[in-house]
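Peer 1: First, the structure itself, so that you have it in front of you.
The values are calculated or read from the model by the stated rules, or taken from the named source; none is laboratory data. Just so it is clear, the structure is predicted and the values come from calculations on it, not from any experiment. Note: ideal-geometry Cβ built from the backbone for every residue, glycine included; neighbour counts use all protein chains shown.
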Amino acid sequence: MDEQFEKPDLVTMGHILMDIRAYVERFPLPDISVKVKGAIQYSPGGSATNTAVAARRLGVKSSICSILGFDDYGMSIIKSLIEERVDVSNIKINYLKSTGVSILLINEEGTPIIIQTLGANEPFPLSYLNRTCIEEAKHLHMTGTDLNALKEAAKIAHNNPKGKVTVSFDPGRSKSHLGYEKLMPILENVDYLIINRTEALRMSGLEKFQNKDIIEIIDYLKSKIPSHISLIVKGGSKETIVKTNDEFFAVPPYQVKVFDTIGAGDAFSGGFICALLQKKSLKDAILMAHATAGYKIQYGGAQSSPTIDQLRQFMAEHKDEIAPRDL
């Protein structure tokens, strides 16, 4: 059997989008135009999609649970995913809505401005969940989509009669603002919560304490979410901080020239999940996640993450540059 059609070890769930990217020297001001550097570029995006592709390039058999429109963008995305050897059998088609689109401007620092329409991505009917596929996987990675669908998917994974499927959740900017209390029905069945520092602040409900130390925010949030969750707070150009019931440590990112940060967090998740499935320690998993993201941000597009050979070379070239430190 072609490996593309074997049952996946990883199922990702969330948005699938067409990214339309333009690189500019600076962001435009009202009524002032800026010139695009090079051509406007089109490529698949969406957190669930980016993570599945990142993990697949590292050797993890991956499948995406999402929704496309019946249009040229949707067909282009399907073609790209098949070329990446990602299982597309769990992608549903909505014949009444268009494929979701992100319009992105990226400046010289690699920072984006994003305009987005979700299109067919939401709502996400529970009937679109492939229960068997989730139960037969080893890991479920969920991103910021329909809350009812996320709740049900996490429950399927956690209560799997064939053996527990580990679950990671990256709520992103679209769902972290709801706060930990509204997300609790989902968090009850999550093993790894992956967020950035801004999202940690939003989830904790402490937006009015903008100057509060990140360690205090992490301590507070960890005390409010289910105790079994490993809390992973990405730092971008700063340290990633991890807190579990047994470990509390920080890992700095690799220092590389940044071209485009779009999809860096999803590359991080892909590397992290790959390491988990390889039974690596949590510290080694974060190192692999940082390496995957560090490689990706040197290149354009949300899906410019490395192959396993490229990752090994990157880690060899940057050997001993970073190391975890206990907090």
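Peer 1: Sort out which residues of region 276-289 are among the small types (Gly, Ala, Ser) and surrounded by fewer than 23 Cβ atoms within 10 Å (Cβ to Cβ), and write them in order of number.
Peer 2: SER281
Peer 1: Select, from SER66, SER80, SER76, the only residue that is in contact with a His (Cβ under 9 Å, 6 or more places away or on another chain) and modelled with pLDDT of 95 or more.
Peer 2: SER66
Peer 1: Now, a different point. Can you name the residue in region 159-174 that is modelled with pLDDT of 95 or more and under 27 Å from SER237 (Cα atoms) and, of all such residues, is surrounded by the fewest Cβ atoms within 10 Å (Cβ to Cβ)?
Peer 2: In this case the residue turns out to be SER168.
Peer 1: In region 120-193, which helices (runs of 4 or more DSSP H) lie fully inside it and hold 1 or more residues that are small (Gly, Ala, Ser) and closer than 26 Å to LEU68 by Cβ?
Peer 2: 147-158, 172-176
Peer 1: Which of the strands (runs of 3 or more DSSP E) contained wholly in region 1-92 include at least 2 residues that are of a type in the set (Val, Ile, Thr)?
Peer 2: Here the list reads 10-13, 62-69.
Peer 1: Could you grab me the full set of residues in region 14-47 that are among the charged types (D, E, K, R) and either within 23 Å of GLY270 (Cβ to Cβ) or in contact (Cβ under 8 Å) with a residue 12 or more places away in the chain (or both)?
Peer 2: If the condition is that a residue be among the charged types (D, E, K, R) and either within 23 Å of GLY270 (Cβ to Cβ) or in contact (Cβ under 8 Å) with a residue 12 or more places away in the chain (or both), then ASP19, ARG21, GLU25, ARG26, LYS37 are the ones that fit.
Peer 1: How about region 93-119: which of its residues are assigned to a loop (DSSP other than H, G, I, E, B) and not aliphatic (A, V, I, L, M)?
Peer 2: Answer for region 93-119, where residues must be assigned to a loop (DSSP other than H, G, I, E, B) and not aliphatic (A, V, I, L, M): TYR95, LYS97, SER98, THR99, ASN107, GLU108, GLU109, GLY110, THR111.
Peer 1: With respect to ALA293, is the statement that it is farther than 15 Å from ALA54 by Cβ and touching a residue at least 24 places away in the same chain (Cβ under 8 Å) true?
Peer 2: In short, no.
Peer 1: Okay, next question. Please name all residue pairs, on different chains or six or more residues apart, with Cβ atoms under 6 Å, provided the first residue is in region 172-196 and is polar (S, T, N, Q) and the second residue is not in a strand (DSSP E or B).
Peer 2: SER174/GLY144; SER176/GLU199; SER176/ARG202; SER176/MET203; ASN189/ALA154; ASN189/LYS155; ASN189/HIS158
Peer 1: Confirm whether GLN303 is farther than 25 Å from ASN189 by Cβ, within 18 Å of the chain's Cα centre (by Cα) and surrounded by 23 or more Cβ atoms within 10 Å (Cβ to Cβ).
Peer 2: Against the criterion (farther than 25 Å from ASN189 by Cβ, within 18 Å of the chain's Cα centre (by Cα) and surrounded by 23 or more Cβ atoms within 10 Å (Cβ to Cβ)), GLN303 qualifies.
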